[in-house]
Amino acid sequence: MDLRTRISELMPQARAELAELVSIPSVFDPRQFPVEECTRAADWVRAAFAAVGFEDARLEETPDGSMAVVGSRPGPDPAAPTVLLYSHYDVQPPLDDAAWRTPPFELTEVDGRWYGRGAADCKGNIVSHLAALRALGDDVPVNLKLVVEGSEELGDGGLERYVPEHADLLRADAILVCDTGNAAVGQPAITASLRGLVEMVVRVDALPSELHSGVFGGAAPDALAALIAMLASLRDAAGDTTVAGLPHDEVWDGAPYDEAAFRSDAGIGDEESLLGSGSVSDMLWARPALTVVGIDCPPVVGSSASITPTASARLNLRIPPGTDPAQAERALADHLRAAAPWGVSVECTTEFTGAPFRARTDGPAYRTMRAAMSQTYGRDPVLLGQGGSIPLCNVFEETYPDAEQVLMGVEEPQTLIHAPNESVDPTEIERMALVLALFLQDYAGS
């Protein structure tokens, strides 16, 4: 029986396992869900991988208190290359339960897709790994290592601090970061770049306290109006992010993101304008992008006819490879201070930064993965950028500079990760399981 047939026959088990995992609300935030739920998910993952040959699979506490599942599975030849499998079992909170078409923590099939929080990000990758390893049985000619983290979504870098302190534990020749995905269902892709980020809160103080707008308005400075003017300066008329000191005219050199496909994926109609002077790919993967993710100011309900003395905004600046996050942090803070009108006081507080990442695409692991994807899908994979950030990739690169990282996974634009109604196409779980199995079979001889 060939691998494709074996994996197809394993799909009912994969669905049952994904249903079990999705039913565990493993949100790493004790303010929202009991920490025991993350422990329960970690125990499930540990037991599942122990059953497919990771006999030493165990839970390791990381510096942020989350539990990572680590383990190893030696191959028949100690001199063979080592492959590290990475994924995560924690999930985003469900957000608005009323916005879900199905219960968020109950795997439900609708129109051929499997819905549930974590179905794609990242529990779908976990069950895909398990299916690949079961299909291979004892026929794994490489050495395997495993790390499945528990705070990728809402933690403060637990695994990122754990890795350098336990470098030998996870050292490998190839690291498969299974937390991205394909260009579309049926179109394989390898993610070649990730944007970095700067998360900053800007606070504007204009007055010691509220003042009556009728008595003082027109002469007294308004903190909220000042903040609005500052935020407006961060984009030009075309929608380009224009933080002084950061270039915003770079061009993406990988596979393009078709505008019609982007509109469909994002739910943007043809009559609505897209932002920026470049292509969709340029704007997503090659240029900085500033998003105002929150504002503290008086709400409409309950507000009074008063001048606002203080206002704050939380800003998320995504930066492409080639941009240093420290430079971007300074540029954003300097821009905001320079744009502040009327002598208002400005305080910029950086919450965290993350460096962008560009993967090498000229090594044996990359070539083997391309061949495995081509064989599985019947078409060559494309190189994509990823708008999101995975700071762990930079930690892997610094800790294991000779290792190749290949970013892949079961996600694709329709999965709606981080949003209500997350789902996964089961054919992507099946095909990515075959991709992994073929890669593990062939990598040793590459």
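Once you place label points 7 Å from the Cα toward the Cβ at Arg203 and Thr102, how far apart are they in nm?
4.5
With a 1.4 Å probe and all protein chains left in place, how much of the accessible area of segment 39-99 comes from carbon and sulfur atoms, in whole percent?
Summing carbon and sulfur atoms, their accessible area is 51 percent of the total for segment 39-99.
Mind checking the angle between helix 364-377 and the chain's longest principal axis? C-alpha axes, 0 to 90 degrees, to the nearest 10.
With rounding to tens, the tilt is 80 degrees.
What is the gain in length, in nm to one decimal, between Ala219 and Ser304 on full extension, counting 0.36 nm per residue of separation less the C-alpha to C-alpha distance?
Details: separation 85, 0.36 × 85 = 30.60 nm, distance 1.82 nm.
Difference between extended and current length: 28.8 nm.
Using a basic spin-label model with each label point 7 Å from the Cα along Cα→Cβ, how many nm lie between Ala232 and Ala338?
So the two model labels end up 1.9 nm from each other.
If the only charges are +1 at each Lys and Arg Cβ and -1 at each Asp and Glu Cβ, what is the size of the charge dipole of segment 102-245 around the Cα centre, to the nearest 20 debye?
In total the dipole reaches around 160 debye.
Taking the Cβ-Cβ separation of Leu169 and Gln327 as r and a Förster radius of 22 Å, what is the calculated FRET efficiency to the nearest 0.05?
With a Förster radius of 22 Å, E is 0.10.
Within 13 Å, Cβ to Cβ, of Pro76, how many net charges do the neighbouring residues add up to if Lys/Arg are +1 and Asp/Glu are -1?
-2
At 0.36 nm per residue, minus the direct Cα-Cα distance, what do Ala244 and Leu154 gain on full extension? Give it in nm, one decimal, please.
Gain on extension, Ala244 to Leu154, equals 29.4 nm.
Under a 1.4 Å probe, what is the accessible area of the chain per residue, stated in Å²?
About 42 Å² of surface per residue is accessible.
How many angstrom separate the Cα center of segment 382-446 from the Cα center of segment 25-95?
Comparing the Cα centres of segment 382-446 and segment 25-95, I get a distance of 17 Å.
Along the Cα→Cβ direction, 7 angstrom out, place labels at Arg40 and Glu398. What is the inter-label distance in nm?
Placing both labels 7 Å beyond Cα along the Cβ direction yields 3.6 nm.
Assign unit charges at the C-beta atoms only (+1 for Lys and Arg, -1 for Asp and Glu), then state the dipole size of the chain relative to its Cα centre in Debye, rounded to the nearest 20.
The dipole of the chain has a size of about 200 debye.
Would you mind telling me the share, in percent, of accessible area of segment 355-446 contributed by carbon and sulfur at probe 1.4 angstrom? Walk me through the numbers on the way to the answer.
On the way: 1560 of 3300 Å².
The value for segment 355-446 is 47 percent carbon and sulfur by accessible area.
Quick one: what Rg and Dmax do you get for the chain from the alpha carbons, in Å?
For the chain, the Cα-based Rg and Dmax read 23.6, 84 Å.
Where does helix 3-22 land angle-wise versus the long Cα axis of the chain, in degrees 0 to 90, nearest 10?
Helix 3-22 and the main axis of the chain meet at about 50 degrees.
So how tilted is helix 123-136 from the main axis of the chain? Cα-based, degrees 0 to 90, rounded to 10.
Once rounded, the angle reads 10 degrees.
Which whole-number percent gives the relative contact order of the chain, counting Cα pairs below 8 Å spaced six or more residues apart?
That works out to 25 percent.
Using a Gaussian network model on the chain with a 10 Å cutoff between Cα atoms, which of Gly385, Gly267, Gly65 fluctuates the most?
Result: Gly267 has the largest fluctuation of those listed.
Which value results for Rg/Rh of segment 292-425 when Rg is the Cα radius of gyration and Rh the Kirkwood radius based on the inverse mean 1/r? Mind dumping the intermediate values first?
Numbers: Rg = 21.5 Å, Rh = 19.3 Å.
Reported Rg/Rh (Cα atoms, Kirkwood Rh): 1.11.
Provide the net charge surrounding Val27, with neighbours chosen by a C-beta distance below 9 Å and charges set as Lys +1, Arg +1, Asp -1, Glu -1.
Spelling it out: positives minus negatives among the neighbours equals -3.
What length, rounded to one decimal in nm, is gained on full extension from Ser273 through to Asp56, with 0.36 nm per residue of separation minus their alpha-carbon distance?
Numbers: separation 217, 0.36 × 217 = 78.12 nm, distance 5.39 nm.
Length difference between fully extended and current span is 72.7 nm.
Among Pro309, Ile319, Val293, whose Cα lies farthest out toward the positive end of the dipole of segment 215-341, if unit charges sit on the beta carbon of Lys, Arg (+1) and Asp, Glu (-1)?
Comparing the listed Cα positions along the dipole, Pro309 ranks first.
Give me the dipole magnitude in Debye, nearest 20, for segment 192-294 about the Cα centre, with unit charges on the beta carbon: positive for Lys and Arg, negative for Asp and Glu. Don't skip to the end; give the middle numbers.
Working: 5 positive and 16 negative charges, 82 e Å.
Dipole of segment 192-294, to the nearest 20 debye: 400 debye.
The values are calculated or read from the model by the stated rules, or taken from the named source; none is laboratory data. In this text the structure is predicted, and so the values were computed from the model without any measurement. Positions of Cβ are generated from backbone atoms using ideal geometry, with glycine treated the same way; all protein chains shown enter the neighbour counts. Ligands, DNA and RNA are stripped out before the accessible areas are found, and what is left, the full protein with its side chains, is counted by its heavy atoms. Shrake-Rupley method; radii C 1.70, N 1.55, O 1.52, S 1.80 Å.
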